[in-house]
Amino acid sequence: DSLLIKQLEAQMQTTQDSSLQQGQSSAIPVRTAPSTNPDISAIGDFRSSYTSTGSRKVETYLNELELQIASVVDPYARAEFLFSFGKDLTTGDLGIELEVATLTSTSLPYRLQLTLGKFKPQFGKVNVLHPHYFSFVDFPRMINNFFDSEGMFMEGVSVSGLVPNPYDFYQELVVEVGRVGSEPHASLVQGETDRLLYMGHLKNFFDLTENATLEVGFSALTGPNKYGFSTNIASLDITYKWKPLQFSTYKSFTWQNEVLMSRLKMSDADIIQTYGGYSYAEYQIEKRWFIGVRYDFSEFPDIEGHRDQAGTLLLRFQPTEFQILALQYQYTDRNYDRNFSQVSLRAIFGIGKHGAHAY
């Protein structure tokens with residue numbers, strides 16, 4: 001129902017009418033051979049914000065530009081590359097990073113899927129997302145404190161497949177092995193060791209009714225940390241979605257929750273156990289309008305006693321599927337520093353061919 005689609009339909013109708021007037025066939029030509037050109041898309045993320053603390057309270061900047069290149073390699077594999085152009089708010093410099101570079105199989109036996117390269121691992125529900133896809137302007141504090149502001153990346157191999165079971169629901173198991181991404185995380189640092197990061201995720205998906213679904217996921221990882229020992233993290237995520245068939249474009253509701261427990265070993269005698277979690281709800285009030293609320297609680301993986309709590313309100317407007325405007329208010333309570341409020345405005349646009357995201 002977007003303006004662009006309507007314009008394309010009008011152009012196609014004009015072409016058909018012109019062909020009929022000239023005595024040509026009204027059939028629209030169909031490309032029968034696959035294109036050798038890759039699909040290219042760009043997604044821009046512009047932000048303005050006001051923060052109640054700090055010497056510079058107002059910021060206006062290009063947060064990120066993602067350039068994605070994806071294509072089928074042959075009948076057996078597809079490839080994807082994602083470059084991120086972002087601004088460092090501390091230095092003001094524009095940096096370029098290769099966030100994703102993967103080769104994914106498409107025809108393995110037993111309905112397995114193999115991915116090689118650099119990617120966001122399937123830990124929990126939010127980490128696998130890129131910022132432009134998440135409903136809120138920022139990721140939950142749990143992701144920021146235990147991993148990074150945009151989550152965790154790894155370089156290695158990922159194997160996934162459906163788990164056969166006699167019950168009426170879907171199960172998917174993902175096993176991933178590799179090295180921590182190029183950027184160090186609070187919980188995990190590759191360093192100069194040969195130790196690898198091991199991760200597993202089990203997704204359980206239930207059709208509750210024709211209008212509602214429930215997803216329950218379990219994740220676990222173990223990997224090296226900056227102290228030369230291991231960090232073990234386990235998480236549980238629960239997502240409920242409601243989208244009535246007769247009002248699918250006008251009404252929807254999502255309730256998503258995630259908690260994690262971390263055990264970071266600092267020495268032979270010292271182990272720090274900390275927790276984090278969030279809960280958010282988003283309701284579609286009109287065809288293009290959404291409102292949301294989120295609660296965050298997060299400790300830090302290697303600092304005992306420090307914790308963040310935050311409450312967030314969101315208003316999101318989507319004029320078409322190619323644009324998003326979001327206004328967010330957030331209040332953060334910290335027991336180790338001053339509390340603060342922040343108001344953020346985000347504008348997202350997308351051009352080119354961009355693959356669909358996971359449900």
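So, in the range 168-202, of the ones that are hydrophobic (A, V, I, L, M, F, W, C) and outside any strand (DSSP E or B), which residue ends up farthest from M142 (Cα to Cα)? Quick ask: steps written out before the conclusion?
Of the residues in the range 168-202, the ones hydrophobic (A, V, I, L, M, F, W, C) are 169, 173-175, 177, 180, 186, 188-189, 196-197, 199, 202.
Subset that is outside any strand (DSSP E or B): 169, 186, 188-189, 196.
Numbers: F169: 29, A186: 11, L188: 14, V189: 18, L196: 23 Å.
Filtering first and then ranking leaves F169.
This table checks each residue for (1) crowded, with 22+ Cβ neighbours inside 10 Å; (2) out of contact with any helix residue (DSSP H, G or I) (no Cβ under 9 Å at 6 or more places or on another chain); (3) within 17 Å of D45 (Cβ to Cβ).
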position: G117; (1), (2), (3): no, yes, no
position: P121; (1), (2), (3): yes, yes, no
position: G124; (1), (2), (3): yes, no, no
position: V128; (1), (2), (3): no, yes, no
position: F139; (1), (2), (3): no, no, yes
position: D148; (1), (2), (3): no, yes, yes
position: M154; (1), (2), (3): yes, yes, no
position: V157; (1), (2), (3): no, yes, no
position: N165; (1), (2), (3): no, yes, no
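Looking only at the range 295-318, decide whether some residue is touching a Pro at 6+ places or on another chain (Cβ under 8 Å) and either aromatic (F, W, Y) or surrounded by 15 or more Cβ atoms within 10 Å (Cβ to Cβ) (or both). Spell out the reasoning first.
Looking only at the range 295-318, we keep the residues that are touching a Pro at 6+ places or on another chain (Cβ under 8 Å), and these are 296, 298.
Remaining after also requiring either aromatic (F, W, Y) or surrounded by 15 or more Cβ atoms within 10 Å (Cβ to Cβ) (or both): 296, 298.
Looking through the range 295-318, at least one residue is touching a Pro at 6+ places or on another chain (Cβ under 8 Å) and either aromatic (F, W, Y) or surrounded by 15 or more Cβ atoms within 10 Å (Cβ to Cβ) (or both).
In the set D308, D302, which member is touching a helix residue (DSSP H, G or I) at 6+ places or on another chain (Cβ under 6 Å), among the acidic types (D, E) and in contact (Cβ under 8 Å) with a residue 40 or more places away in the chain? Break it down stepwise before answering.
On the way: D302 fails: touching a helix residue (DSSP H, G or I) at 6+ places or on another chain (Cβ under 6 Å).
After applying the criteria, what remains is D308.
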All but one of (1) modelled with pLDDT under 95; (2) among the hydroxyl-bearing types (S, T, Y); (3) farther than 30 Å from G223 by Cβ hold for T254, so report the exception by its number.
(1)
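Residues in the range 273-281: is at least one at pLDDT below 95, open to solvent by 70 Å² or more (accessible area, probe 1.4 Å) and within 23 Å of S262 (Cα to Cα)?
no
Please work out if L173 is among the hydrophobic types (A, V, I, L, M, F, W, C), touching a His at 6+ places or on another chain (Cβ under 9 Å) and in contact (Cβ under 8 Å) with a residue 24 or more places away in the chain.
Working: among the hydrophobic types (A, V, I, L, M, F, W, C): yes; touching a His at 6+ places or on another chain (Cβ under 9 Å): yes; in contact (Cβ under 8 Å) with a residue 24 or more places away in the chain: yes.
Answer is yes for this residue.
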Could you give me the residue pairs with C-beta distances under 7 Å whose first residue belongs to the range 327-345 and is among the acidic types (D, E), whose second residue is at pLDDT 95 or above and not in a strand (DSSP E or B) wherever it lies, and which are 6+ apart or on separate chains?
D333/N339
Across (1) open to solvent by less than 70 Å² (accessible area, probe 1.4 Å); (2) at pLDDT 95 or above; (3) of a type in the set (A, V, I, L, M), A33 clears everything bar (2)
Kindly list, by first and then second residue, each pair from a residue in the range 210-234 that is without any contact (Cβ under 8 Å) to a residue 24 or more places away in the chain to a residue that is assigned to a strand (DSSP E or B) and polar (S, T, N, Q), limited to pairs with Cβ atoms under 9 Å and residues at least 6 apart or on different chains.
V216/N204; V216/T239; F218/N204; F218/S235; A220/N232; A220/S235
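Within the group I233, I238, which residue is surrounded by fewer than 17 Cβ atoms within 10 Å (Cβ to Cβ), closer than 25 Å to I143 by Cα and touching a strand residue (DSSP E or B) at 6+ places or on another chain (Cβ under 9 Å)?
Values: I233 fails: surrounded by fewer than 17 Cβ atoms within 10 Å (Cβ to Cβ).
When all the criteria are applied, what remains is I238.
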Would you mention how many residues in the range 47-71 are surrounded by fewer than 16 Cβ atoms within 10 Å (Cβ to Cβ), under 23 Å from the mean Cα position of the chain (by Cα) and touching a residue at least 40 places away in the same chain (Cβ under 8 Å)?
1
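Restricting attention to the range 320-335, does a residue exist that is of a type in the set (K, R) and open to solvent by 80 Å² or more (accessible area, probe 1.4 Å)?
No - not one qualifying residue is present in the range 320-335.
The values are calculated or read from the model by the stated rules, or taken from the named source; none is laboratory data. Note that the structure is predicted; figures quoted are calculated from it, not measured. A quick note on method: Cβ atoms are made from the backbone with ideal geometry, for glycine too, and the neighbour counts reach across all protein chains shown. The protein model used for the area step is the full one, side chains on, heavy atoms only, and it has no ligands, DNA or RNA in it. Shrake-Rupley method; radii C 1.70, N 1.55, O 1.52, S 1.80 Å.
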